[in-house]
1. At a threshold of 8 angstrom on Cα-Cα distance, excluding pairs fewer than six apart, so keeping six or more, what relative contact order does segment 1-77 reach in percent?
2. Only Cα pairs under 8 Å and at least 6 apart count here; give the relative contact order of the chain as a rounded whole percent.
3. Kindly provide the helix-only [θ] at 222 nm of the chain, computed as the sum of -39,500 (n - 2.57) over DSSP H runs of four or more divided by all residues, to the nearest 500 deg cm²/dmol?
4. Semi-axes of segment 47-144's equivalent ellipsoid from the Cα gyration tensor, sqrt of 5 times each eigenvalue, largest first, rounded to whole Å?
5. How would segment 55-108 be classified by its alpha-carbon gyration tensor: rounded, prolate or oblate, with rounded meaning a/c under 1.5 and the a/b versus b/c comparison settling the rest?
6. Scale the Cα Rg of segment 108-259 by the rule-of-thumb value 2.2 N^0.38 Å and send over the ratio, two decimals.
7. Among 39, 171, 229, which one shows the biggest mean-square fluctuation in a GNM of the chain, springs joining Cα atoms closer than 10 Å?
8. Which log10 I(q)/I(0) values does the chain give at q = 0.11 Å⁻¹ under the Debye formula, counting every alpha carbon as one identical point scatterer?
Ligand SMILES: Nc1ncnc2c1ncn2[C@@H]1O[C@H](COP(=O)(O)OP(=O)(O)OP(=O)(O)O)[C@@H](O)[C@H]1O
Ligand SMILES: [Mg+2]
C-alpha cells in the first residue's frame, strides 16, 4: 500500500453522468437499412433511457462507503464508471492508487481457463508481476479454499466459488482501493466472515472500500458512510446508520402501502 498514515483522497467523482438508451428496434443489416430507408421508417427506435445524474462522491483513504438502493437505481453503473469499465457521458472521475474491482461474478474471468490460469491473468492485469504472483499464489489459493477445483476450467465453478477466487486474487494484489459489488452476498456464512475480517484489516492499514450491497447488517457493520441511490440520483448521503434507517423506513412504508 502506498500510503497509510496521512489521509488522502482516493476516489473523486464530480458531476458524473452516464446515459444509456434502450432500443425497441435497431437496424443491423444493409438489406434492412435499405427497406427501412425506402419505407421512410427510422433506422433505430429508442424506447427508454437510464441516466445516472450528477453523481458526486469523495472517498478518502481508510474509509468504507456503501452504495445502497433498489434494483436498477444505478449502483453498479456508478461502480463500473469508477472502475473504468464505462466512460462517463459527462463529469470527471479520479482514482488515486492501485484499484482492484470485485465487480459482480467473475467479471474478467475466462470460463474456459482454469482457476489457476485465471489467477495468473487477473494478477497480471492488476499489475502483479510473475515473481510477486509466485510468492502470493499459495496465499490466494488458501484464501479461496476451493480445493482441487483450482485446476479445473471456471465454467464448472459455482457462483460462490468464482466469487471466492475473485475476492482472493483482488485482495492479494496490494490494492489501495477496492470496489465490491454484491460479491459478499454469494459467499457462504464462513467465507463472508473471513472476507469481512480481511476487509477490516485492509481498512486499518489505510485501504479504501466502496461497497455495493443489499444486506443492511453488512453495510452497518462495515461502513462509516452510505449513499442511497434512487433512479440514477443520490437520494441521501451521510453517516451509514442514518442513511440505512431512512432507506429502510421508506422500503417499509412502500411495502405497507402495497399490502
Ligand atoms: N450496459 C448497459 N446498457 C444499457 N443499460 C444499462 C447498462 N448497464 C446498466 N444499464 C441500466 O442502468 C440502470 C441501472 O442499472 P445498475 O446495474 O446500475 O443498477 P443497480 O443499482 O446495480 O441494481 P441491482 O441492485 O439490481 O444490482 C438499469 O436500468 C439498467 O438496465
Ligand atoms: Mg447492481
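Please treat every number below as a calculation from the coordinates, not as lab data. None of the values given here were measured: they were computed from a predicted structure.
1. About 43 percent, as a whole number.
2. 26
3. Estimated from H runs of four or more residues: -12000 deg cm²/dmol.
4. Taking √(5λ) for each Cα gyration eigenvalue gives 30, 17, 13 Å.
5. Verdict is rounded for segment 55-108.
6. 1.20
7. 39
8. One equal scatterer on each Cα of the chain leads to -0.68.
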